[in-house]
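Have a look at the structure below before the remarks.
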Amino acid sequence: MRFIHEKIDMGYETLDRTDAPDGRRYLTTEGKAYPSVTTVLSILGEESIAAWRAKIGEEKANEISLKATTRGTAVHGIIEKYLLNEPDYAKGYLPHIIQSLENLKPLLDKHITKVYAQEVPLYSDHLKLAGTCDAVVEWDGIPTIVDWKTSKRPKKKANISNYFMQLSAYAVMWEERTGMPIQNTRIVMDVDDFHPVMYKETRDAWIDEMIKVRDEYNRRKMFHG
């Protein structure tokens, strides 16, 4: 399978970013510092994550988190190389990472008709947020914001509203930076010992919720200084 690429010029290739104890910030081309979408959305799970860490202990929690993050980063990397049509896309990856791509390949080959961008840094002056979007593609011929996920078990749609809010923000950012409106968003998830799972949503169904969380994040930040 060879994927068609159409590069969209945004006027920049990268954005500077900083990682601090209170989260990630991106510096826009105009010099404004915006928090990342994932940093803002992290307030939604603070209590449950704290309870989980207290239950299993910090050392074990850090071990699990690092393992999940390392796997997720590797899967993102191999998908990116595959979509770039690199012949040796699997070189250097461990067998379980290659297997994740093999699980997802039928979906990628069937549905992705064009690739506009991958791992693209975006920001919105309207939302005052920034982030890095996994992929902007044509999915069945329709422009779509896509996020790749990995999971040890299937997730109920009701439990991943933060994913949909994240993609709605990326859709707004993309239109602001490129002039190309995108309504469709899609989560594509490789699940251990299960078939891949996809969740389709729209920008407009979730952007209001995203803004509410952003406002709450700003309120807490102001309150705590």
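Observations
- Sequence-separation-based contact order of the chain, relative, with Cα cut under 8 Å and 6+ spacing, percent: 19
- Most to least packed among 32-44, 140-152, 95-107 [average Cβ atoms within 10 Å]: 32-44, 140-152, 95-107
- With an a/c value of 1.5 or above and a/b not larger than b/c for the gyration tensor axes a ≥ b ≥ c computed over the alpha-carbon atoms, the chain is described as oblate.
- Ligands, DNA and RNA are left out, and with a 1.4 angstrom probe the accessible area of the chain is 54 Å² per residue.
- Of the peptides 180-193, 204-217, 163-176, the order by per-residue mean of other Cβ atoms within 10 Å, starting with the highest, comes out as 163-176, 180-193, 204-217.
- Near I79, once Lys and Arg are set to +1 and Asp and Glu to -1 for all other residues with Cβ below 14 Å from its Cβ, the sum equals -3.
- Counting protein heavy atoms only, the chain has 54 percent of its accessible area on carbon and sulfur, 1.4 angstrom probe.
- Working note: 222 nm ellipticity from helices only, DSSP H runs with n ≥ 4, each -39,500 (n - 2.57), summed and divided by the residues of the chain, gives -14500 deg cm²/dmol to the nearest 500.
- Placing dummy labels 7 Å off each Cα toward the beta-carbon, the span from T29 to T202 is 3.0 nm.
- The residue list I211, I43, I142 was ranked by how far each Cα lies along the charge dipole of the chain toward its positive end, using unit charges on Cβ atoms, and I43 comes out on top.
- Extension gain from K114 to K156, taking 0.36 nm per residue of separation minus the Cα-Cα distance: 12.2 nm
- Cα-centre dipole for region 82-133 with unit charges at Cβ (Lys and Arg positive, Asp and Glu negative), debye to 20: 120
The values are calculated or read from the model by the stated rules, or taken from the named source; none is laboratory data. Given the structure is predicted, the values throughout are model-derived calculations rather than measurements. Cβ coordinates were reconstructed from backbone atoms using ideal geometry, including for glycine residues, and neighbour counts include every protein chain displayed. Please note that ligands, DNA and RNA were not included when accessible areas were found on the heavy atoms of the full protein model with its side chains. Shrake-Rupley method; radii C 1.70, N 1.55, O 1.52, S 1.80 Å.
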